[in-house]
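> My questions all concern the structure below.
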Amino acid sequence: MNGFRSYAAIADNDDEQELLKLTRKIETGFPSPAGDHLEKALSLEDLIVRRPTSTFYVRAEGEAMKASGIHPGDILVIDRSLTPRNGSIVIVTLCEEVIIRRLIKKGSRVFLASDDLRYTPIPIREETDWMIWGVATHLIHKFRDKVEKDNEEGEYEYQL
């Protein structure tokens with residue numbers, strides 16, 4: 001948008017990449033009088049990765065987990081060291097296909113389910129060829145592309 005001042009990153013150099021680090025808390029409501037207090041630089045890795053050697057990232061595809069807030073293109077942080085619990089969102093290989101689903105236990109029965117009722121839960125039986133790769137711990141969801149795709153002119157309408 002023209003007319004707004006914003007931070008613009010310096011062009012990337014091959015040898016050096018400049019990162020903007022958060023150095024204070026940013027209020028979503030009224031500014032805090034103590035807002036000048038500086039904190040340690042914010043690192044996403046420090047916030048979302050508890051066990052680096054067992055953590056990996058996957059990019060979501062498809063619509064099956066959209067009702068859970070997982071949209072195509074989102075990035076999930078997966079921890080292989082966690083034991084999945086009833087209700088955990090897991091990355092699973094199912095008959096050589098990798099999928100994202102919610103693990104549901106009902107008595108002795110196990111299902112892989114989407115929160116979208118249009119998708120039938122997948123029953124896991126003794127003969128099912130499946131394996132849990134890890135448990136989703138965080139979701140990275142991008143907002144900007146949605147606004148830009150919805151309104152190519154850069155106008156944003158907000159109902160008051």
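> Tally up the residues in region 61-77 that are in contact with a helix residue (DSSP H, G or I) (Cβ under 9 Å, 6 or more places away or on another chain) and in contact (Cβ under 8 Å) with a residue 40 or more places away in the chain, please.
So in region 61-77, the residues in contact with a helix residue (DSSP H, G or I) (Cβ under 9 Å, 6 or more places away or on another chain) come out as 71-73, 77.
Checking which are in contact (Cβ under 8 Å) with a residue 40 or more places away in the chain leaves us with 71, 73, 77.
Summing the residues that are in contact with a helix residue (DSSP H, G or I) (Cβ under 9 Å, 6 or more places away or on another chain) and in contact (Cβ under 8 Å) with a residue 40 or more places away in the chain in region 61-77 gives 3.
> If only one of Arg80, Arg50 is surrounded by fewer than 17 Cβ atoms within 10 Å (Cβ to Cβ) and without any contact (Cβ under 8 Å) to a residue 60 or more places away in the chain, which one is it? So that I can check it myself, show each step before the final result.
Details: Arg50 fails: without any contact (Cβ under 8 Å) to a residue 60 or more places away in the chain.
Criteria check complete, one pass: Arg80.
> Further question on the same structure: Filter region 33-73 down to the residues that are at pLDDT below 80 and among the hydroxyl-bearing types (Ser, Thr, Tyr) and list them by number.
Ser43
> Please tell me if Gly87 is at pLDDT below 95 and at positive phi.
Working: at pLDDT below 95: no; at positive phi: yes.
So Gly87 does not fit the description; no.
> I've got another one for you. Could you grab me the full set of residues in region 87-108 that are of a type outside the set (A, V, I, L, M, F, W, C) and touching a strand residue (DSSP E or B) at 6+ places or on another chain (Cβ under 7 Å)?
Let us first name the residues in region 87-108 that are of a type outside the set (A, V, I, L, M, F, W, C), namely 87-88, 93, 96-97, 101-102, 105-108.
Selection gives Gly87, Ser88, Thr93, Arg101, Arg102.
> Something else about it: Among all residue pairs at least 6 apart or on different chains, which show Cβ distances below 6 Å where the first residue, located in region 121-136, is farther than 16 Å from Asn86 by Cβ and the second is of a type outside the set (A, V, I, L, M, F, W, C)?
These pairs meet every condition: Met131/Thr93; Gly134/Asp79; Gly134/Arg80.
> If you don't mind, another one. Within region 88-108, is even one residue touching a Lys or Arg at 6+ places or on another chain (Cβ under 8 Å), more than 26 Å from Phe143 (Cα to Cα) and not polar (S, T, N, Q)?
Step one: filter region 88-108 for residues touching a Lys or Arg at 6+ places or on another chain (Cβ under 8 Å), giving 88-90, 92, 103.
From the residues that got through so far, the ones that are more than 26 Å from Phe143 (Cα to Cα) too are 92, 103.
Those left that are additionally not polar (S, T, N, Q): 92, 103.
Yes, there is a match, as at least one residue in region 88-108 is touching a Lys or Arg at 6+ places or on another chain (Cβ under 8 Å), more than 26 Å from Phe143 (Cα to Cα) and not polar (S, T, N, Q).
The values are calculated or read from the model by the stated rules, or taken from the named source; none is laboratory data. Only a predicted model underlies this, so the values are computations on that prediction, with no experimental measurement involved. Every residue, glycine among them, receives a Cβ derived from its backbone with ideal geometry; neighbour counts consider all protein chains shown.
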